[in-house]
Amino acid sequence: MPKLKVVLDTSILISALKSRDIKRSPSWKILTLLSEDKLVNYGSKETIEEMKETLAIVGILVGKPEKAKAIYHLVLNHTKRVSPRVRFEEDRELVKLVGHADDVKFLNVVYASKSRYLISMNVRHLVKLRNPKTLKFNLKRHWFYIFKDPEFIKYVKEKYKWKV
């Protein structure tokens, strides 16, 4: 079976870092799928840099800098880099819809990689973009799902019968 093309938002990595029970954490389950090569994450120079900096800071704040570094390296080792040619930061309507220009870089990566899934816990900026019934969003005729981590786990269990 081909790997599922995903874009992980930094919020998923922070959720995994802060998780107390890695066996029950949906974010950890996603990282496990990544490490088992069932998923391939896509990232740009900007998204990878954000992940590295945010994990380092939050790792220090929660007293888990080594765990933060391990999460970063796991994700980095399973990430294909893309250089988005289309930059949605210039689309004023979309930036206004997102509500935070800095999060648009994840949409750039989804579009450049033609990923089918954006996985995020960022309900204030990214998750709110999706259609509430279909959980999909459209960027220039590229349709993709925007899932929160437990929704993605439920989806792959049902659609692909994965034991997660």
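The values are calculated or read from the model by the stated rules, or taken from the named source; none is laboratory data. Every value quoted in this text rests on a predicted model; they were computed, and no experiment measured them. Cβ placement follows ideal geometry from the backbone for every residue including glycine, while neighbour counts extend to all protein chains displayed. In case anyone asks, the SASA skips ligands and DNA or RNA and just uses the protein heavy atoms, side chains included. Shrake-Rupley method; radii C 1.70, N 1.55, O 1.52, S 1.80 Å.
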ask   = In region 22-38, what residues are more than 16 Å from residue 150 (Cβ to Cβ), in contact with a helix residue (DSSP H, G or I) (Cβ under 9 Å, 6 or more places away or on another chain) and open to solvent by 30 Å² or more (accessible area, probe 1.4 Å)?
value = 35, 38
inquiry  = Checking the structure you have, find out if any residue of region 39-58 is open to solvent by 50 Å² or more (accessible area, probe 1.4 Å) and either hydroxyl-bearing (Ser, Thr, Tyr) or more than 26 Å from residue 101 (Cβ to Cβ) (or both).
reply    = no
remark   = By my count, helices (runs of 4 or more DSSP H) wholly in region 39-156 with at least 2 residues that are touching a residue at least 24 places away in the same chain (Cβ under 8 Å) and closer than 23 Å to residue 23 by Cβ are 45-61, 65-77
key: Subset of region 71-83 (residues that are over 23 Å from residue 114 (Cα atoms) and open to solvent by 60 Å² or more (accessible area, probe 1.4 Å))   = 73
task = Consider residue 101 carefully, then state whether it is modelled with pLDDT under 95, open to solvent by 10 Å² or more (accessible area, probe 1.4 Å), closer than 25 Å to residue 14 by Cβ and aliphatic (A, V, I, L, M).
result = yes
message = Condition first: modelled with pLDDT of 95 or more, open to solvent by 80 Å² or more (accessible area, probe 1.4 Å) and closer than 26 Å to residue 31 by Cα. Can you find one or more residues in region 109-116 that meet it?
response = yes
